[in-house]
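Below you'll find the structure, written out as structure tokens, and then a few comments.
Read-outs: derived from the displayed coordinates by stated rules, not from any lab. Please read all numbers here as calculations on a predicted model, not as lab measurements.
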Amino acid sequence: MKAVTLTLVVALCFSLCAAAADAIVYDTTAKTSSGITIEIYAPDATSVLKPGDSLNIQWRLDGPFDPTFITANMTFEINDATNNNNVILAPNGTLTFTAQPLTSDSSAKTTVPVIPFGKSYTVRAIAKDPSTGKTLSWFSPKFQINGAAAAQSPPAAGSTGGAAATTNSKAPGSVTSAASYSSRIQGVSSCQFWFAVAAAVILAF
């Protein structure tokens, strides 16, 4: 019984450590194996959008010419980057287009989906490195979406009304590759914590 318990604890620690390592980081410096990076410059930090608006995503390739990468397919999402070390897909954030965007297109137009209000949204571009098959991500500057306000419960009898809805989004900003380093350190710290827990359990037995 003790052996089974210890095995489960260690397995849980490995699972939690892997989850921390797999978090998507807001990092604008990703490069392909041939040295190409993608700069998404629109939307930018001054953009204030709302559901139904036209969304013109614009980007440029920076690096040596790679004939295999310029024909690679790209997908796009609107992500919530409130936490630079754990960027997540926004509700309804998967973007669709009339034609499949390619890395060499430089722009792609679509419509802003119905997304809640927030000040730290980013467009995430996703493409595979043709040489390695690795999936890479690039991000636009953070921007604001004036989505629908959060629904409020009706005021209780005798009250004067509900409080205004608020958000906890961070102000728009930019990051450098330090964010990626920070995420790795955070992942290591999480692993150290959970393995410390495992060690404590093992010693307790």
Determine one quarter of the surface area of the Cα convex hull of the range 38-77, which equals its mean projected area, and express it in nm² to one decimal. 3.7
Over 22 Å (Cα to Cα) among Lys50/Lys142; Lys31/Lys128; Lys31/Lys109; Lys50/Lys119; Lys50/Lys109 -> Lys31/Lys109
Among the Cα-Cα pairs of the range 23-112, the proportion with separation greater than 17 Å, in percent, is 55
